[in-house]
Structures are given as C-alpha cells and as structure tokens.
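Taking it in order: structure first as structure tokens, then the write-up.
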Amino acid sequence: MNLKHALLSLALFPAAVFALDPAETPLGFIALADGKSFNGWKHSGNWELQDGAFACIRNGGNLTYEVGPVPDDFELRFEWKVTKHCNSGVYYRPGQVEYQVLDDAHPGHGDNPRQSAASVFFCMGPSKRATRPVGEWNTARIICKGTVIEHWLNAERVLSFDYTDPKWAKEVELLGVRGGDLTGRGGKLLLQDHGQAVWFRNLRMRTIPAAEKLVPDPTFTPLPVPPAALAKEEGRVRGMLADKAKKAATAKGVK
C-alpha cells in the first residue's frame, strides 16, 4: 500500500480501538467501529450495542456510516447473524445495491437465489448456499474493483462477475427495474433495518489500490431460480413497472 492510499484510507476510516486481524493491517484495513460506541454512525435510536456488535432491536431505520462515502474500489469485511425469517442487508452503492443478509428460510425471499443470502438483491444470486444456522455468526466480504463485484460468505466466494459482461445484461436490467445502478459511486454504507432483529460486528474496510487487480471467476454460475419463485419475481417486476409508468404519467400531468 503506497502513502497516498494509506492517507486516503485514514481520512475516510479513522483508526479505532477495535483490534484488527494482524494480517489485515498491512492490506490497509481500517476498523469502522470500536465495539464500544456508535462513533461515526447515525441511527434513530433503534440500534444498540450488544457484546461489541451493532444490534437492530426495534423498527426505526437504517444504521449509517457517516464518516465518509464508500470508496470506488474497496473491500468490506464483516460478520452478521439473524433471527428466524430475518431480512436485512448491507447497502454499499447509492440506491438499491445490496448484499442480502437473510435467514434463507425466509418465505418469499429465500426461495429465490436472487433474493437469498449473499446475493446482490434482486439482481444476481450466489453460486451456492453457504449460510450457517439461525443465531450463528456468518463471515462476509464485499469486494468491488472497477466493474467487478464479488460477494463472499463463510470464506467461500459465492458471487463473482463483471457487470459490463453482456451475458449478465438481464440481471443488471432486473436490478435497474428495482432502482439499483451498479455504476453508481459515492454512497454511504448502510446496515438495513427491515423489521427483524439482526446483528453486525467486526466491520472493517480498505481502499483497493489501483495496481491491485480483481478478475471475475470465469466459472461463476448463479443458482437457477425455481419456476414458482420466478413467477413471483416476474409479478413483482410488472408491479414495479406499472408503478413507474403511473408516476411518470402523473409527473406529466396525465391522469
């Protein structure tokens, strides 16, 4: 890591008392929380600290990292655990770009790989299921370099693709219907409150230097969407498109 990169990382992510893995420090990782406070984070009173972890204990909104935006090229490592049927996520690009955090038994989501744990929600499913049982901690990584995105779950790379590759055009278009744009940059890191109890801990991030390459896995194949789940998804898409058309007509003064 060069001096310019180190200074940029320190400016965006000030050092905290939370101990990093010694192997992570030379890579430029910075702890985003100290395990003792909400310094650098903003919420509406619905999150609390439990044994060094951020815990969403009641409805009230997301937990937002306010110190600085997510770098264009970055790696985020964290741990998460959920309650039964929990639905949550980590937003790392502006708008609807989300690493899905989920009890994969969640009705209506877990049956669709594009909405299951470690997916890019409503876009790209993982190549395999790798969650641990409800109530146990999962490890996760989000890596973004240029146009390549990787999601890791419990030390397994379950998602790896270049969003400009034409073979993923339908998935990227699907995310666009939801309002997500993988080309977006400069958003804040958000931990989602979706109405169920969820925990996050050991959040640390680094800016990936320009010279470091990230090559997508050429063998990556997302899990297929079962017919029943696909029908639900298509119905949801029709509803989203109808809602957009209605809003556009209203904006033009057409009733």
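Overview of values
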| read-out | value |
| --- | --- |
| Per-residue Cβ neighbour rank within 10 angstrom, fewest leading, Ile57, Ile208 | Ile57, Ile208 |
| Label-reachable residues, segment 205-237, where backbone N falls under 15 Å from a point 7 Å from Lys244's Cα toward its Cβ | 234-237 |
| Among Gly235, Gly89, Gly186: highest mean-square fluctuation, GNM of the chain, C-alpha pairs under 10 Å | Gly235 |
| Cross-link pairs Lys167/Lys246; Lys81/Lys188; Lys128/Lys170; Lys188/Lys246 - those with Cα-Cα distance over 25 Å | Lys167/Lys246; Lys188/Lys246 |
| Virtual spin-label span in nm between Val177 and Lys84, 7 Å along Cα→Cβ | 3.3 nm |
| Among Arg93, Arg132, Arg114: highest mean-square fluctuation, GNM of the chain, C-alpha pairs under 10 Å | Arg132 |
| Contour excess over end-to-end distance, with Cα ends at Asn154 and Lys36 and 0.36 nm allotted per residue | 40.0 nm |
| Gaussian network model of the chain, Cα within-10 Å springs - most flexible of Pro26, Pro94, Pro107 | Pro26 |
| Distance between segment 212-241 and segment 88-122 - C-alpha centres, whole angstrom | 11 Å |
| Assigned charges on the beta-carbon of Lys, Arg, Asp, Glu; segment 3-224 dipole about Cα centre (debye) | 100 debye |
| Within straight-line cross-link reach of Lys247, lysines at Cα separation under 22 Å, skipping those fewer than 8 residues along the same chain | Lys255 |
| Relative exposure of His109, His85, judged by other C-beta atoms within 10 Å (fewest first) | His85, His109 |
| Residues Asp72, Asp243, Asp193, sorted so that the one with the fewest Cβ neighbours within 10 Å comes first | Asp243, Asp72, Asp193 |
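FYI, it's all coordinate maths here, none of it is from the lab. Keep in mind that this is a model prediction, so the values were computed, not measured. With ideal geometry, Cβ positions are generated from the backbone for all residues, glycine too; neighbour counts draw on all protein chains shown.
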